[in-house]
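Since the structure comes first, as structure tokens, the remarks are kept for the end.
Each reported figure results from applying straightforward, stated rules to the coordinates on display, with no laboratory input. If you're wondering where the values come from, they're calculated on a predicted model, not measured in any experiment. All Cβ positions, glycine included, derive from the backbone under ideal geometry; neighbour counts span all protein chains shown.
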Amino acid sequence: MVDQFKRYTFIKRGVFYYSRRVPSELQTIYGKVRVTTCLHTKVEAKANRAADQLSAQLEGIWGQARLEKTLSNFRRTQSQPASPIKAEKRPEAAVTLSDALDLYVRLKVT
């Protein structure tokens, strides 16, 4: 019997496990759809603490992977020759890719 609990935990044969889907945009990088690991405890409070720590670590790892993927895409687009755009054709309210990247980094860090 398998029971599902909050915090991405479930019990299998009396032992708590952690299971969480890998975000779809990162599944190609990790080659997995789900991360599952044994928490090596039968005590719910210990399992919840361990699950919270794993969730925080995964969020950090996935955030870094997203940033690296974004930077990689940015560098790849910068290395390709850009089509010439005249300054007067560009709308005044347009946001540049570098401005968007700076905003993304600032928001992800905080």
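Remarks
- Sorted on the mean count of surrounding Cβ atoms within 10 Å across their residues, most packed first, peptides 57-69, 11-23 read 11-23, 57-69.
- 3J(HN,Hα) from dihedral phi, the range 44-51, Karplus parametrisation 6.51/-1.76/1.60, rounded to Hz, x for glycine, proline: 4, 4, 5, 5, 5, 5, 5, 5
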